[in-house]
Structure formats: C-alpha cells, structure tokens
Amino acid sequence: MAAQITPPSSSSSSLAFSSEFNVWKPMRCCFFKWVSQFLTRGLLGLGMDGSPLAKGINPEEQEEFFIDILDKEEALSTLSITVVGASGDLAKKKIFPALFALYYEDCLPKNFIVFGYARTKLTDEELRNIISTTLTCRIDKRENCKHKMEQFLKRCFYHSGEYNSEENFAELDSKLKKKEAGKLSNRLFYLSIPPNIFVDVVRCASMKASSANGWTRVIVEKPFGRDSESSAELTRCLKKYLTEDQIFRIDHYLGKELVENLSVLRFSNLIFEPLWSRNYIRNVQFIFSEDFGTEGRGGYFDNYGIIRDIMQNHLLQILALFAMETPVSLDAEDIRNEKVKVLRSMKPLELEDVIIGQYKGHNKGGRAYPGYIDDSTVPKNSITPTFAAAALFINNARWDGVPFLMKAGKALHRKRAEIRVQFRHVPGNLYKRNFGTDLDKATNELVLRVQPDEAIYLKINNKVPGLGMRLDRSDLNLLYRARYPTEIPDAYERLLLDAIAGERRLFIRSDELDAAWSLFTPLLKELEAKKIAPELYPYGSRGPVGAHYLAAKYNVRWGDLGGEDD
C-alpha cells in the first residue's frame, strides 16, 4: 500500500513532512533532493528494484507527480521577506543580492515578495533603482539574466517608517496582506540594523506584522550584545515577543563553503577522524586578517573592537565546529548540543594568554597609509584593539593540552581566513638529519583556506626526484576554483535559504551564545578596567611582535609566516 503524503500543516512553525527527514524545503531547487531520499527509502511503496508498487504512479509519471504536489503547495502559500534597515550598506551589498541569487537559481517559492523597511523616505521604484545597481548574475552569464532581474525587482516594495512605531508596522502589515492575497503567509524579517533597536523592531513586528496563519521568523545580525550581561538582557527582551525557534542569530562565517565542509572532511573521511585528537595534533590555528583598515567605519568599530567583532563570534564558532564530538545526527539540535559542550569545556581567557594591537600610520611603496586613530570617526585617544591573538584550551579527554590559537586583525599584510592544523613530529624520524635542527619544517600541516581562493591542502614531506636523498615539503592541494569551476554561492545565500526552510544548524542558539560570552567577558572587562594600551604595528605588516612571543610560549610557530602560499 502506498504511503500517504500529508503536506505540512499551516500551523506548523517549520515546513517538514516528518521529523525523520526534516528536509522539506519550500523551494523547487531543493525539492528534488527530498524526492530522491523519499524514493530510495521506500516510503512510496517502491520495491527493492525501484519499481513502483503504488497503483497509478508509473516511473515516467513520478517527476510530474511531485511537481504537481509542489505546485499545489506553493499556490496555497506565500513567503514575505522584510528587510528592516533596507537603506543600509549590508542590505544593499549583501542581503538583496543574496535574495536575487536565490531567485535566479529558482530556490525561492513561486509566490514571494520582498519589502524594504527603513526610516529613509523612498518609493518602490527608488528602492528598485538602488537594488538594481548591486545585483549580479552567476559567472556563467545565462541569457535570461536581465529578464530575471526585471522579474525580481517587480517583487520588491518599500515602506518607510520608524523602527519603534507600532502604527508604521501595522501599515506594513496591511501592505503585506494585500500582496499575500489571502494565501497562507509565512513571514521572514531580516534585522539589518544596529543592535540598540533590535528589541523595538521585534516588539512592533511581533505585535503588528506577524503572520496570522503561517510562521514568523526573525534573523538577527551580530553583535549580540557587548558582554555576557548585555547579551543575556538582549535574549531576555527578544523572548518577550518571540520563541527561541523564531530567532535566527546569524553569523555569516558559518555559511562559508569551507566552514560547511569542515564536518564533511572530518566525519566522512576515515583518514582524518582517528587523527583528530591530542594524540596526533600539536596545535590548531584560526587566522583572520584583512589588508585594509576601518576606512571611515571607525565609529562603529571603536565601540566593539576586534575581539568582539571577530574572535568571540566568527573564530569561536569555527573552533566549536572543529573540536566538537561526533553528533548523534545531522539534526540542528544535535550539532548545536555538541558545540555547546565544547564551549563549556573551555576555561575563560586570561590576560596572560592574549596580545592586543592597534595599527599605526606607515609609508610603503611611496604611499602613506593612515593609522587607526587617523580615521576621523575614531577618538584620538582610542585604545580599542584592531588586532588580537589568543591561546585557548579545551579541558576534555580529546583536546587536553592542545593550544588553540586565534589571531585576527585589520590593516595586515594580506587578506585571509584559514584554519591550520599542525600535527606532531614523527617519533624516531628516520629522516631527521635531512631536515636539520628545525623539525617544524618536517611537520605535517592541514590547511583549510576559507577565503580568498578557497582550498584544502595537506603539507607532506616528499623526496625530490634525483640520485640524492633530498627532501622537500610539498602540498596535496584541492584548489576549489580548479576542481569546481562553478561560482561558489555567497554565505548569505545559504543562510537565508536555511532560515526560509527552518533549518537552524548554522544559526546560534541562546545557550551557545551564553557559553561563548562567558569565555571572553572576564578578559574584556579586565582590558577596559585597566585601560591596557595595545601594541602598535605598522599598517600592512604582519601584526604586533607580541603575537609571536605568545605562540612561542606554547612552542608554536604561526603557520602563515612563510611565502605567499604558506
């Protein structure tokens, strides 16, 4: 007997056929992945040879059958996406382009609309003109690119209002209902606004612009507070109006292709998982560097600094993914449970394990580069760090004693984000004399380059061809642009798609956020209370000298100190 297919109920907060699969997506491009799993698991009454047992469904009719289900589901519902703070840089440069990319790839439902909301007075047409300048098609330049842009822009609208006005959000609600035309409405709000107005917007949207018959979800951009107390207060205020399942705390680094691939690399390749412990790994490094300064955005940055801006969220999230135990399943809660365990196993950072720096002006190649305090938006006496290096430790059986080093900074010599895993020396190495006294040069190293030029490479020792016994350090290299010539989607595309689908795996849970802040809050308070001055380093350099002493303290050498492709 054929299994009965019941579409998701309209009252469900997440579109799902069953908790076992939880892969229903309201997007055509993702639907056929679900169909594949559905068929192979025999839930349609298929025989072991794949032949259909359900009467009336022939193999030739299966695709048409499922398309019909999808079309009926889409015809009964609509997706309304409201970008709050639509006139800001993030919305214009990232969110609207990401939404268009999803539309371009047919990954959005048939019935969807996009509303921009901000205080700036704009018409629908003015918003469309602004958006149109930032939209691009994939590098394959399909012939329908211009047509797709025009169709997307026709679905974009604008409403001007105050962020704390329930009346203005009620007006937005009326416009949304008019466009939704009585269909089951699912609403997604993206808060591309400063954190001090998060709660006002959530209150107004929740009370006046929530969906009456579908789900309502809110994406919240970092920063999530400045310390443990402010973060907890923000969470408490948000939960006055939203449940935890409605809150999607976004960290766009978790949507990066190489970060997504981290767990695949480890858990689906037998050669790596046995090595993933203190027995074989000597240290792990998380490196983030930008080759530019604050560039006129110093006013925002000066209120947070590099530790809050990069280390407490981006790098710590990647560390938790890297170090977690094997989750029970790929379900979002199982993965987030393991990440929380890692964070709770770590001791709070101490001042002696941290180096901070600030870039100063520098002349290079006949060009003068300004220092941080030369930025007109930065106070002249600012001691906000633009660079930080830290050593963290995980107190559990797998990682006891292994230094996890973080380094993040602005105005450095090169733009990069990478994970470097340095393995232990080979015991009783037969070729020790070929390497001389510097055994670090003989150490295997696994590198995941998150950006730019995504790559995974493993440094190995190899004999140079010839009659002599000369050894060389070579790379086993997976360069993404060579292996996968298609354009890699932007992180915001993946995260928006997951939020629409109700997939929370790459979003931060409240207890995870609490555990992350507990590691950094004591350090941040001590730095600010003691007014510790950062070590100055020249614009375009490799950062403060103190970072090298910190690494040496734990018998570690930073892995990015070699050549261009180090």
Under 12 Å, Cβ to Cβ, from Arg344 - net charge with Lys/Arg +1 and Asp/Glu -1: -1
Long-range amide H partners of Gly116 with built H, under 5 Å: Val83, Phe157, Tyr158, His159
Contour excess over end-to-end distance, with Cα ends at Ser230 and Asn196 and 0.36 nm allotted per residue: 11.2 nm
Nearest-0.05 FRET efficiency for Glu162 and Asn303, computed from C-beta distance (R0 25 Å): 0.60
Protection-proxy order for peptides 467-478, 249-260, each taking the mean of Cβ atoms within 10 Å per residue, highest first: 249-260, 467-478
Cα-Cα over 24 Å, subset of Lys222/Lys530; Lys239/Lys531; Lys93/Lys222; Lys121/Lys208; Lys93/Lys531; Lys178/Lys240: Lys222/Lys530; Lys239/Lys531; Lys93/Lys531; Lys178/Lys240
Carbon and sulfur %, accessible surface of region 302-368 computed with the full protein complex present, 1.4 Å: 48
Spin-label model distance (nm) - Arg505 vs Asn213, 7 Å beyond Cα toward Cβ: 3.3
FRET efficiency, 1/(1 + (r/R0)^6) with R0 25 Å, evaluated for Val264 and Val328 via beta carbons: 0.90
Accessible solvent surface per residue of region 200-308, calculated while the other protein chains remain in place, 1.4 angstrom probe, Å²: 38
Whole-percent carbon and sulfur share, accessible surface of region 77-221, 1.4 Å: 48
Region 441-566 - charge dipole about Cα centre, Lys and Arg +1 at Cβ, Asp and Glu -1, debye rounded to 20: 600
Relative contact order (%) - region 153-244, alpha-carbon pairs under 8 angstrom, separation at least six: 31
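The values are calculated or read from the model by the stated rules, or taken from the named source; none is laboratory data. Keep in mind that what you see is a predicted model, and the values were worked out from it rather than measured. All Cβ positions, glycine included, derive from the backbone under ideal geometry; neighbour counts span all protein chains shown. Ligands, DNA and RNA are excluded from the accessible area calculation, which covers all protein heavy atoms including side chains. Shrake-Rupley method; radii C 1.70, N 1.55, O 1.52, S 1.80 Å.
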